[in-house]
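First comes the structure, then the notes that go with it.
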Amino acid sequence: MGDFEISCIQAGVYWWDGGVIFGVVPKTLWSRKIAADSLNRIPLAFNCYLIRTGEHTILVETGGGDKMDPRARERVNLPPEDEPLATVIAAHGFDPESIDIVINSHLHWDHCGGNTVLTGGPALAAFPGARYFASRGEWDHAHKRLLRDSVSYIDANYDPLVESGQMTLVDEDCEVVPGVRMCRAPGHTRDMMVVVAQSGGRTFCFLSDLVPFAAHLKPTWMTAFDLYPLETIESKMHWLDAAAEGNWACAFAHDVEIPFARIVRDSKTHFAAERVAT
Ligand SMILES: [Zn+2]
């Protein structure tokens, strides 16, 4: 895309209750898009993206990581041992040591779990040479330990990096490096950020959990996790309008099948995905 090279790195697949992923949408509708297993679970990819600008190698999201106990891993159908993200990245043909920037769209465990690795002792940076970026509002929220969603946050994924000064907490929209921006898109959480990369007149946008699957392009389809459903709809209209207008390549946080998609307007559902060949 322009001077940037963008690759999807799928850091594994976990299974979660389909009803939760589609919130108020009845199963009679969502099951036409994604089939559930006998426990009503559907597969979610940990989609991470590598943006190579020529000057920087930026990793967006770091997957589920190694902090879950064996029972929790089994519940979501993950293999007993986590494959380190650096190993997965190397298997895709990229040098993990070249990563100099890591961006988390938000701090739910399934987006930043691979930020750090447990080594039998304290959690250490998985990418020691990188600067990490996340939203300060999201970090503050994680530490409120709300009954509603504290289970989604694991401090070992980010606190050691904040303490060491390796993670920068951004207060608002910011340009991380020339052409790559983090932009607030409230709804799923108050301070979730989408990541926008622009080069040579082309735009890539990682929509994160604003649109976890292509099926969630319908503005009213969202997960039951979303804390501010009305704002999810507003944010979606804003970002998907821009994506359709600008012919962007977009990416979804958890879609197992579609790594890149163009957003097109659709008279029935508002927006639809057109797969981008990779
Ligand atoms: Zn999330």
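The values are calculated or read from the model by the stated rules, or taken from the named source; none is laboratory data. What you see is a predicted model, and the numbers here were worked out from it, not measured in a lab. Cβ sites come from the backbone with ideal geometry, for glycine too, and all protein chains shown count toward neighbours. Accessible surface areas use protein heavy atoms only, side chains included; no ligands, DNA or RNA. Shrake-Rupley method; radii C 1.70, N 1.55, O 1.52, S 1.80 Å.
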For E83 and E163 in the same chain, what is the full-extension length gain: residue separation times 0.36 nm, less their Cα-Cα distance, in nm?
26.2 nm
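Taking the mean number of other Cβ atoms within 10 Å as a proxy for protection, how do you rank 190-202, 138-150 from highest to lowest?
Ranking, from highest mean packing down: 190-202, 138-150.
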Solvent-accessible area per residue, Å², over the chain with all protein chains present [probe radius 1.4 Å]:
44
So for the chain, taking the charge dipole from beta-carbon charges (+1 Lys/Arg, -1 Asp/Glu), which of V264, I99, Y153 sits furthest toward the positive end?
V264
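Using unit Cβ charges (K, R positive; D, E negative) and no other charged atoms, how large, in debye to the nearest 20, is the dipole of the chain about its Cα centre?
Numbers: 24 positive and 37 negative charges, 197 e Å.
Approximately 940 debye in magnitude.
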For the chain, the percent of accessible surface on carbon and sulfur atoms (probe 1.4 angstrom, ligands and nucleic acids excluded) is 52
Quick one: net charge around L59, please, counting Lys, Arg +1 and Asp, Glu -1 for every other residue with C-beta under 14 Å from its C-beta.
-3
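Strictly over 27 Å apart at the Cα level, which of K27/K268; K33/K268; K144/K218; K27/K236; K27/K67 would you flag in this model?
Working: K27/K268 19 Å; K33/K268 16 Å; K144/K218 31 Å; K27/K236 22 Å; K27/K67 31 Å.
Violating the 27 Å Cα-Cα cut-off are K144/K218; K27/K67.
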Quick check: the distance between the Cα centres of the range 217-255 and the range 166-197, to the nearest angstrom?
15
Listed peptides 257-269, 233-245, 208-220 by packing density, highest first (mean Cβ within 10 Å):
208-220, 233-245, 257-269
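Quick check for me: using +1 on Lys/Arg Cβ and -1 on Asp/Glu Cβ, what's the dipole size of the range 1-91 about its Cα centre, in debye to the nearest 20? All intermediate terms of the calculation are to be shown ahead of the outcome.
Numbers: 9 positive and 12 negative charges, 118 e Å.
About 560 debye.
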Within the set of other residues whose C-beta is less than 15 Å from the C-beta of G2, count the net charge using Lys and Arg as +1 and Asp and Glu as -1.
0
Over the chain, the sum of -39500 (n - 2.57) across DSSP H runs of at least four, divided by residue number and rounded to 500 deg cm²/dmol, gives at 222 nm -5000 deg cm²/dmol
Could you give the length gained by full extension between R148 and E172, i.e. 0.36 nm per residue of separation minus their alpha carbon distance, to one decimal place?
6.2 nm
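How much length is gained if the chain between T28 and R190 is pulled fully straight, taking 0.36 nm per residue apart and subtracting their Cα-Cα distance, in nm to one decimal? Present the calculation step by step, with values, prior to reporting the outcome.
Numbers: separation 162, 0.36 × 162 = 58.32 nm, distance 3.00 nm.
Residue separation times 0.36 nm, minus the Cα-Cα distance, leaves 55.3 nm.
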Candidate cut points under GluC sites (Glu not before Pro) in the range 34-113, DSSP loop plus at most 14 other Cβ atoms within 10 Å of their own Cβ, are E55, E81
